[in-house]
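J.: Starting off with a structure, shown below.
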Amino acid sequence: MVKGRVQSIAYSGLCLALALILSYVESLIPFNFGMPGVKLGLANLCVVILLYIAGWKEALTVDILRVILSGFIFGNMSMIIYSLAGAALSFSVMLAVHKSGHFSPMGVSLSGGVSHNIGQLIVAVFVLGTTRIVYYIPVLILSGAVTGAVLGFVAGLILPLINASHGE
C-alpha cells in the first residue's frame, strides 16, 4: 500500500499517464475478431494495480479520467458512453471482489473484464432498443475472461515488485 497523500497522488498520475499510453498502444494493435467491442483492455492493468497499492478512490478516479480522456483522444462520444458504462460496472465488481479478500489480482481483473463487457452490452440494448443482441454475450464473457485473466496475471507479477520497492 502506498504511504502518504503525496505518494498516492504521484502513483495516480503515473498510472493515468500509463493507462493513456496503453490505450494508445491498444489502438495501434490490429486486434479484430469481427465482433465490435472486443478489446484487450490493456489500460485496466493500471486500475487493478492502483486498486491494490493506493486504494479504491484513486483507482476509481484514474478509471473515470482514463475513459474520458482516451475517448476524446482516440474515440468519440459514443465510445465514451459505452466505456463509462463498462467501467462503472467493472469497477464496482472489481472493488467488491477485491474487498472480499478471497481473490488474487487475477480473479479481480478477470471479474472486471467480464463485467466491463456486460456493462457495455447493457448500454447497447438500450441504445439499439432491442434485446436481440444478447446472443453476443458468450463471446463477450469469453473475451473478457481471457483478457482479464492475462492482465490479472501481469498485475500479480508487478505488485510484488512495487511492494518490494517500498520495503513491504
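J.: Among 14-26, 58-70, how do they line up from the highest to the lowest mean number of other beta-carbon atoms within 10 Å?
T.: 58-70, 14-26
J.: Pop out the ³J(HN,Hα) list for region 114-125 in order, Karplus 6.51 cos²θ - 1.76 cosθ + 1.60 with θ = phi - 60°, rounded to Hz; leave Gly and Pro as x.
T.: My calculation for region 114-125 gives 5, 5, 4, 5, 5, x, 5, 5, 4, 5, 4, 4 Hz in order.
J.: Further, regarding this structure: Over the Cα atoms of region 1-121, Rg to Rh with Kirkwood Rh, two decimal places?
T.: My calculation puts Rg/Rh at 0.96.
J.: On to the next question. What's the ranking of 147-153, 112-118, 40-46, 124-130 by average number of surrounding C-beta atoms within 10 Å, highest first?
T.: Order by mean packing, descending: 112-118, 40-46, 147-153, 124-130.
Here, each number is a calculation from the coordinates, and none is a lab measurement. Computed from a prediction, not measured in an experiment: that's the story for all the values here. No Cβ is skipped: glycine too gets one built from the backbone with ideal geometry, and neighbour counts run over all protein chains shown.
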